[in-house]
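Engineer: Before anything else, here's the structure in question.
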Amino acid sequence: MLHDASRAAISRRSLLGLIGLGAGAAALSACSGPSTSASGAGAGSASADAVGGPSFDGVTPAKTISFWSNHPGSSQAITQSIIDKFKAESGITVNLVTAGSTYEDVAQKFQSAQAGGQLPDLVVLSDVWWFRYFMQDSIIPLGNVLKAAKVDLSDYRQGLVADYQYKDSQWAVPWARSTPLFYYNKSHFKAAGLPDRAPATWGEFATWAPKLMAARSTTKAKYAYEHPALAGYAGWTLQNILWGYGGGWSKKDSFDITCDSDPSVKALSYVADSVNKEKWAGVASTSSTDDLAAGACSATIESTGSLVGVQKAVGSRFDVGVGFLPGGPVSTKPVCPTGGCGVGIPKGVDKANQLAAAKFIGFLTNPENTVSFSAATGYLPVRTSADTSSLLAKNPLIGTAIKQLDVTRTQDWARVFLPGADQEMAKSVAAILTQGAGVDATMKTLRTTLEGIYTSQVKPHLS
Amino acid sequence: MSASGTIAGPRRRLNRRRLRESLLFVAFVLPNAALIAVFTYRPLILNVWYSMLDWTLGSARATFIGLGNYREFFTKDAGAVLGTTLIFTVVTVGGSMLIGLGLAVVLNRRLIGRNPARATVFAPYVLSGVGVGLVWTFIFDPVGGVLAAVLRKFGASSPQWFLQPGLSLTMVIIVYIWKNLGYCAVIYLAALQAVPRDLLEAAALDGAGRSRTFRSIVWPLISPTTFFLLMTTILSSLQSFDLIRIMTPMGQGTTTLMYASYLQAFGGYNRAGYSSAISTILVVILLILTVFQMRFLERKVYYA
């Protein structure tokens, strides 16, 4: 009896059906989150009761730990050299893992790992992510583990330390910390007959911008100023102008949303006019510092973490100038938000690993290493006792960034504590700047959105 | 030996042979079936379960909310997301297939440099979507990009490709078609080369022009290929992710179902339950499309 191949063979219809089914399933498996024992037990709250975290009495530090980083400011090499020194001194091996290229990449991987993957022993926590990990009960309060590792936070810049405090607990330690900085092309400013400094206020810059635009035949720049790419951290840098006008995304240290208040609307109207009406400002598509380095704009604001990169990109083509962020008609200081990232310790790893991670935190951010890190990246030294003389001798511009730390302000909670707020802010600003949407109406809509996020995703965790 | 005994012998052998074949079948199929069950259908079923939870990604706790995520999607985001998905899918599928067919027709002729041209057309398809996205991001950059430089030569300024939602979608569609039309071109080329020469020669003898020959002979004969491409490119287009992620990370104007699902879970919102609901809707759409194409469109296909 011959085998009936025609009956057994898969038909074209079946094949196509299987392709469709497989594709759909692949789409799902690619998108679905990690498995969890969701039981309808309610949102729950974070470990708010643990002020100092678990006890580490009698715990011996592990010999090997892992550290997930996105290497902010191209810091892989300098971080690895610090790790090598730590190994020589303590005998503890730290495996530096590239967990992505942005803070969001690290967050994506870390949150996926919560569902059963391999957790790191130490992880980068950006200003907008640590609070979510706190709410999700994914990280430990550091009080006791830092005490056990003999890491004293009193020598750290207290403003930066306070950025990671909630409910009397410390949730991270500052590491690659930054602020936005005003960058300008000295050649362009000279060609426009402007003083060699950053403007004191945005009002002053509005009087400079036409001169920079008039000098374009010499400078070949497209814009006098370029707003940073909205897909980056528009909500972060725009706090400067909002605060200068007396507004903000939310009230200071509060979830009371104020993005549609009169001062906030005035601030964002200034931004909108600079692009749509006065036309001396543009919006970067990818990186405003790249455009500055290419001579396409005369000034911009970006992270201090971009400083060394900008200097390398510019080379000897022109001198880069930096200055404090300009103030506004209501406030000239403090109008500079802090930013960047710290490092924190996940909850679901062995205490021995947590203790070793805490010891490494102390070494990573000691006065000597924070200066080395700063020299290599442009991020700011996080220790008050750090000897920055060699740093300033090598790169005087970093001195401006360090001095600006004295006039920084903790970020608006609406931006850093509400999941997705940064994305919603960027979308709203994009609508205003590029689609002609009204500032007032757009901010009212944003307020409704942000309040909805607070009510549904934050408030239940804070009870 | 009885008559029944003479029949029972071959029957037993037949049964043993069938049993052996069945066991062999199971031995071959079971490992793959188990893998598919664990890595495809289990996540699929779990995803449907997650879609009914109010669950923050990374959190061990969640709240069962029934169809709440679906209700929210269809009352809040469906219009924009489904509209973008429809435009992206129709234009990329139509564009890839039409241009791919045109290229295949050209490449099917005896031209100088035909083989290098075929390789050139197909090359973008095998390139990494991330790499392609990065290169085209530089090309479209309105300040320092290649396209902006070309436009400046003609006294024009570059459109704001990354800031205007409509232009962002257009930009991603252009790059998607560029990357994928080689696939359609190569498949169509193979189909064109399979069209019997004698039919084309007979049509020419009967006085049929190129257009008439294409409409009456070539097109019906390559309709199975068109059907195959239609299905595979629709499925591929609906799942497009890499180019959108690299070129428009905020998803301004480019938030298709697939990308909306990503943004909700991993783009800052951490809404794993809502993201799962969007993924489930995407799967249902894929299934409906597949069934529709098999039931109705395949009837129009001519299998030689």
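The values are calculated or read from the model by the stated rules, or taken from the named source; none is laboratory data. These numbers come from a predicted model, not from an experiment. Because the Cβ atoms are built from the backbone with ideal geometry, glycine has one as well, and the counts that use them run over all protein chains shown.
Engineer: Please note which helices (runs of 4 or more DSSP H) are completely contained in the range A:328-405 and include at least 3 residues that are assigned by TED's automatic domain parsing to the domain that holds A:D127 and farther than 13 Å from A:P174 by Cα.
Structural biologist: A:351-364, A:367-377
Engineer: Within the set of pairs 6 or more residues apart or between chains, which connect a residue that is in contact (Cβ under 8 Å) with a residue 12 or more places away in the chain inside the range A:75-99 to a residue that is part of a helix (DSSP H, G or I) and small (G, A, S) with Cβ atoms less than 6 Å apart?
Structural biologist: A:I78/A:A376; A:I92/A:A356
Engineer: Which members of the range A:393-433 meet the condition of being closer than 16 Å to A:P180 by Cβ and surrounded by 22 or more Cβ atoms within 10 Å (Cβ to Cβ)?
Structural biologist: Within the range A:393-433, A:I398, A:A401, A:Q404, A:T408, A:Q411, A:D412, A:R415, A:V416, A:D422, A:M425, A:A426, A:V429 qualify.
Engineer: Still on this structure: Scan the range A:232-245 and give yes if some residue there is surrounded by fewer than 20 Cβ atoms within 10 Å (Cβ to Cβ) and in contact (Cβ under 8 Å) with a residue 60 or more places away in the chain, otherwise no.
Structural biologist: no
Engineer: Also, quick follow-up: Test A:L160 against the criterion of being within 24 Å of A:D412 (Cβ to Cβ), of a type in the set (A, V, I, L, M, F, W, C) and assigned to a strand (DSSP E or B), and give yes or no. Spell out how you get there, then give the answer.
Structural biologist: On the way: within 24 Å of A:D412 (Cβ to Cβ): yes; of a type in the set (A, V, I, L, M, F, W, C): yes; assigned to a strand (DSSP E or B): no.
When the stated conditions are applied, A:L160 does not pass them.
Engineer: Here's something else I'd like to know. Which of (1) over 13 Å from A:A172 (Cα atoms); (2) assigned to a loop (DSSP other than H, G, I, E, B) does A:K147 not meet, given it meets every other one?
Structural biologist: (2)
Engineer: Another one. Would you list the helices (runs of 4 or more DSSP H) that sit entirely within the range B:203-266 and hold 1 or more residues that are over 30 Å from A:E424 (Cα atoms)?
Structural biologist: B:210-213, B:223-238
Engineer: Determine whether the range B:144-155 contains at least one residue that is touching a Lys or Arg at 6+ places or on another chain (Cβ under 8 Å) and not hydroxyl-bearing (S, T, Y). Break it down into steps so the answer makes sense when it comes.
Structural biologist: Within the range B:144-155, the subset touching a Lys or Arg at 6+ places or on another chain (Cβ under 8 Å) is none.
The answer is no, given that none of the residues of the range B:144-155 is touching a Lys or Arg at 6+ places or on another chain (Cβ under 8 Å) and not hydroxyl-bearing (S, T, Y).
Engineer: Which members of the range B:144-175 meet the condition of being under 17 Å from A:P228 (Cα atoms) and free of Cβ contacts under 8 Å to residues at least 12 places away in the same chain?
Structural biologist: If the condition is that a residue be under 17 Å from A:P228 (Cα atoms) and free of Cβ contacts under 8 Å to residues at least 12 places away in the same chain, then B:G144 is the only one that fits.
Engineer: Just checking: which of the helices (runs of 4 or more DSSP H) contained wholly in the range A:56-135 hold 3 or more residues that are surrounded by 22 or more Cβ atoms within 10 Å (Cβ to Cβ)?
Structural biologist: In the range A:56-135, the matching helices (runs of 4 or more DSSP H) lie at A:103-113, A:130-135.
Engineer: Which of the residues belonging to the range A:295-315 are surrounded by fewer than 24 Cβ atoms within 10 Å (Cβ to Cβ) and either of a type in the set (K, R) or under 26 Å from A:L380 (Cβ atoms) (or both)?
Structural biologist: A:V308, A:G309, A:V310, A:Q311, A:K312, A:A313, A:V314, A:G315, listed by residue number.
Engineer: Can you tell me which residue in the range B:245-269 is surrounded by the fewest Cβ atoms within 10 Å (Cβ to Cβ), limited to those that are closer than 14 Å to B:N69 by Cβ and within 7 Å of another protein chain (Cβ to nearest Cβ)?
Structural biologist: B:Y269
Engineer: Evaluate the range B:128-145: report whether one residue or more is under 22 Å from the mean Cα position of the chain (by Cα) and under 14 Å from B:L181 (Cβ atoms).
Structural biologist: Scanning the range B:128-145 turns up at least one residue that is under 22 Å from the mean Cα position of the chain (by Cα) and under 14 Å from B:L181 (Cβ atoms).
Engineer: Being surrounded by fewer than 12 Cβ atoms within 10 Å (Cβ to Cβ), among the hydroxyl-bearing types (S, T, Y) and at pLDDT 90 or above is the filter here, so list the residues in the range B:192-215 that pass it.
Structural biologist: Matches in the range B:192-215: none.
Engineer: Could you tell me whether any residue of the range A:401-423 is basic (K, R), more than 18 Å from A:S126 (Cα to Cα) and more than 12 Å from chain B (Cβ to nearest Cβ)?
Structural biologist: Yes, because at least one residue in the range A:401-423 is basic (K, R), more than 18 Å from A:S126 (Cα to Cα) and more than 12 Å from chain B (Cβ to nearest Cβ).
Engineer: Give B:V130, B:V143, B:V135, B:V172 a once-over and let me know the one that is within 14 Å of chain A (Cβ to nearest Cβ), closer than 30 Å to A:A284 by Cβ and in a loop (DSSP other than H, G, I, E, B).
Structural biologist: Checking each option against the conditions leaves just B:V143.
Engineer: For the condition farther than 23 Å from A:P337 by Cα, touching a residue at least 12 places away in the same chain (Cβ under 8 Å) and charged (D, E, K, R), what is the one hit in A:D412, A:D440?
Structural biologist: Values: A:D412 fails: farther than 23 Å from A:P337 by Cα.
One residue alone meets the criteria, A:D440.
Engineer: Failed condition for A:Q114, given (1) modelled with pLDDT of 90 or more; (2) of a type outside the set (A, V, I, L, M); (3) not assigned by TED's automatic domain parsing to the domain that holds A:P419, with all others met?
Structural biologist: Condition not satisfied by A:Q114: (1).
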